[in-house]
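I have placed the structure first, in the form of structure tokens, so that the comments after it can refer back to it.
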Amino acid sequence: KQEVTQIPAALSVPEGENLVLNCSFTDSAIYNLQWFRQDPGKGLTSLLLIQSSQREQTSGRLNASLDKSSGRSTLYIAASQPGDSATYLCAVRPGGYQKVTFGIGTKLQVIP
Amino acid sequence: GAVVSQHPSWVICKSGTSVKIECRSLDFQATTMFWYRQFPKQSLMLMATSNEGSKATYEQGVEKDKFLINHASLTLSTLTVTSAHPEDSSFYICSAKRLAAWDEQFFGPGTRLTVL
């Protein structure tokens, strides 16, 4: 059974800092890994999707890396802004199957 | 593209009543739709997977008679919470994907259900 862990559970940083969110998964036979953002009481916004054959994906100030063999992914946020405050979820999709397993998320607060 | 909507965005109902939540793919045909549930400070848990025109597949521990799922068309799936109880209060999110196995799931904005 795939398990997804996100560390830290919560993070508070001053505006402008670069930060790293971590995601680990127990079964390395994945199809892809996806990072989402969730604002309080809202649905999910997809940030980055990394296929199993890829090492990283970038979008603006966001960079996500994937190390399948070690079961890890990191989301790097450069020059953080108060608008980045949200919960960031990591989700793993296994190979040959559609079910996606989510982590609990990292709650980020960027202080002006 | 690949927009998924949910209706209503929030609903309050009395205990014992039934509530229907709609999930629509607005600009693509969704052969498969998924229903998730999220409790406060917990991750999303898959409840069931539905393929257009066939019965939904429920995850272990999810009561299929309580959470009725219908996927009658390629753009619409509905989740009906029957005889709702306060413990059914939660955030329900749907997602949809196209036929291709490689295609990602696109998530709806969620529905907040509160049962009094």
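Quick notes
- Within region B:59-94, the set of residues being surrounded by fewer than 19 Cβ atoms within 10 Å (Cβ to Cβ) and either aromatic (Phe, Trp, Tyr) or part of a strand (DSSP E or B) (or both) comprises B:Leu68, B:Asn70, B:Ala72, B:Ser73, B:Leu76, B:Thr80.
- Test: A:Thr74 is of a type outside the set (D, E, K, R), open to solvent by 60 Å² or more (accessible area, probe 1.4 Å) and within 15 Å of the chain's Cα centre (by Cα): no
- Picking from residues in region A:77-107 that are of a type in the set (S, T, N, Q) and more than 10 Å from the chain's Cα centre (by Cα), the one that is nearest to A:Phe25 (Cα to Cα) is A:Thr101.
- For region A:27-69, taking the residues that are touching a residue at least 40 places away in the same chain (Cβ under 8 Å) and more than 27 Å from B:Ala96 (Cβ to Cβ), the one that is farthest from the other protein chains (Cβ to nearest Cβ) is identified as A:Ser69.
- Residue identified as within 12 Å of chain A (Cβ to nearest Cβ), in contact with a Lys or Arg (Cβ under 9 Å, 6 or more places away or on another chain) and open to solvent by 80 Å² or more (accessible area, probe 1.4 Å) among B:Met45, B:Met33: B:Met45
- Residue selected from region A:70-112 under the condition closer than 18 Å to A:Thr45 by Cα and aromatic (Phe, Trp, Tyr), by the criterion farthest from the other protein chains (Cβ to nearest Cβ): A:Tyr76
- Members of region B:55-91 found to be among the hydroxyl-bearing types (Ser, Thr, Tyr) and within 14 Å of chain A (Cβ to nearest Cβ), listed by number: B:Thr57, B:Tyr58, B:Ser89, B:Ser90
- Candidate set from region B:103-116 (those that are at the interface with chain A (Cβ under 8 Å from one of its Cβ atoms) and outside any strand (DSSP E or B)); member that is most open to solvent (accessible area, probe 1.4 Å): B:Pro109
The values are calculated or read from the model by the stated rules, or taken from the named source; none is laboratory data. Since the model is a prediction, treat every value here as computed from it, not as a measurement. FYI the Cβ positions are ideal-geometry reconstructions off the backbone, even for glycines, and counts take in every protein chain you see. Note: areas computed on protein heavy atoms with side chains; ligands, DNA, RNA excluded. Shrake-Rupley method; radii C 1.70, N 1.55, O 1.52, S 1.80 Å.
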